[in-house]
Amino acid sequence: AQSVTQLGSHVSVSEGALVLLRCNYSSSVPPYLFWYVQYPNQGLQLLLKYTSAATLVKGINGFEAEFKKSETSFHLTKPSAHMSDAAEYFCAVSPVGSASKIIFGSGTRLSIRP
Amino acid sequence: DTEVTQTPKHLVMGMTNKKSLKCEQHMGHRAMYWYKQKAKKPPELMFVYSYEKLSINESVPSRFSPECPNSSLLNLHLHALQPEDSALYLCASSPREGGTDTQYFGPGTRLTVL
């Protein structure tokens, strides 16, 4: 069965600092991978997705993620954090060809210090 | 219009009540989803509808009854719920089921069962 593990339930960075949220996947074949963001009392918004094309994926709001098969990782980065980035971030996985059955990781809460 | 709307925003119900959650999208999407999200947990898939037909039921108890009356509407009928069913219920839609299509989420209905 496929799964994702997010390392760190809470990450705190200073405004302007690098954001790095870690995600490792478990799958016998490279799956589809996603990063979603959830702001308080809101639904989820897709930041970016990997679907077997380019390994470096650029998303919205200045985020990007790199698919590394050798490390089974799909870490999310942003060069410079903004206060508005404070939210819950979910890494997610689905089988290739079936982006319907998304399985979410446990989430990482990102806090931004002024 | 890339919006999925959900009503009501909040719902409080007793264990003997019958209520319904409503989800609507006008993006022409033919796949619609219900997720359940407990506090500080990731969303969990409940149901998937594809072309108004139930495609996936993730072994959800029968006290939750989904309905897709047309391609724009998705309902979740609730009956004889338990307090542990209290959660945020999220609706999502995508152009089709499967493939690499992005799921668009609504803001959710926060359900409290007394």
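The values are calculated or read from the model by the stated rules, or taken from the named source; none is laboratory data. The shown structure was predicted, so the numbers you read here are calculated from the model rather than taken from an experiment. Because the Cβ atoms are built from the backbone with ideal geometry, glycine has one as well, and the counts that use them run over all protein chains shown. Protein only, heavy atoms only, side chains kept; ligands, DNA and RNA dropped before computing areas. Shrake-Rupley method; radii C 1.70, N 1.55, O 1.52, S 1.80 Å.
Could you list which residues have their amide H under 5 Å from that of residue A:98, counting only those 5 or more apart in sequence or on another chain, with H placed in the peptide plane?
Close amide H contacts, sequence-distant or interchain: B:99.
Where Lys and Arg each count +1 and Asp and Glu each count -1, what net charge lies around residue A:17 among other residues with Cβ under 14 Å from its Cβ?
Here the charged neighbours net out to 0.
Quantify how strongly other chains surround peptide A:46-52 by giving the mean number of their Cβ atoms within 10 Å of each of its Cβ atoms.
2
Using Cα springs under 10 Å in a Gaussian network model of chain A, which residue among A:94, A:73, A:27 shows the largest mean-square fluctuation?
Answer for the Gaussian network model of chain A: A:27.
Listed highest first by mean packing, meaning other Cβ atoms within 10 Å per residue, what order do B:15-26, B:36-47 come in?
Answer by packing, highest mean first, reads B:36-47, B:15-26.
What are the ³J(HN,Hα) values, in whole Hz, obtained from phi via the Karplus relation 6.51 cos²θ - 1.76 cosθ + 1.60 with θ = phi - 60°, for each residue of segment A:39-50 in sequence order, with x given for Gly and Pro?
For segment A:39-50, the Karplus curve yields 7, x, 6, 10, x, 9, 10, 6, 8, 6, 8, 10 Hz.
Work out the mean other chain Cβ neighbour count within 10 Å for the residues of B:88-95 and drop it here as an integer.
2
Sort B:80-86, B:100-106 by packing, meaning the average of other beta carbons within 10 Å per residue, with the highest value first.
Going from most to least packed, we get B:100-106, B:80-86.
Could you work out the local net charge near residue B:10, counting Lys and Arg as +1, Asp and Glu as -1, over the other residues with Cβ closer than 14 Å to its Cβ?
+4
Could you check how much of the accessible area of chain B is carbon and sulfur, as a whole percent, using a 1.4 Å probe?
Result for chain B: 50 percent of the exposed heavy-atom area is carbon or sulfur.
Just tell me how shielded B:96-104 is by partners: mean number of partner chain Cβ atoms within 10 Å of each residue's Cβ, no decimals.
Partner-chain Cβ atoms within 10 Å, mean over residues of B:96-104: 6.
How big is the Kirkwood radius of chain A, worked out from every pair of different alpha carbons and given in Å to one decimal?
Over chain A, the inverse of the mean reciprocal pair distance is 14.0 Å.
Quick one: which residues, 5 or more positions from residue A:111 or on another chain, have an amide H under 5 Å from its amide H? H modelled 1.01 Å from N in the peptide plane, none for Pro or chain starts.
A:11, A:12, A:13
Give me a comma-separated list of calculated 3J(HN,Hα) values for segment B:6-19, in order, Karplus coefficients 6.51, -1.76, 1.60 applied at θ = phi - 60°, integers in Hz, x for any Gly or Pro.
3J(HN,Hα) across segment B:6-19, in whole Hz: 9, 9, x, 6, 10, 8, 10, 9, x, 5, 9, 6, 10, 9.
Please list, in order along segment B:62-75, the HN-Hα scalar couplings obtained from phi with the Karplus expression 6.51 cos²θ - 1.76 cosθ + 1.60 (θ = phi - 60°), rounded to whole Hz, x for Gly and Pro.
With the stated coefficients, segment B:62-75 comes to 5, 5, 9, 10, x, 8, 10, x, 7, 5, 9, 10, 9, 10 Hz.
Collect residues whose amide H, placed 1.01 Å from N in the peptide plane, falls under 5 Å from the amide H of residue A:67; neighbours closer than 5 in sequence don't count.
Amide H to amide H, under 5 Å and 5 or more residues apart or across chains, residue A:67 pairs with A:56, A:57.
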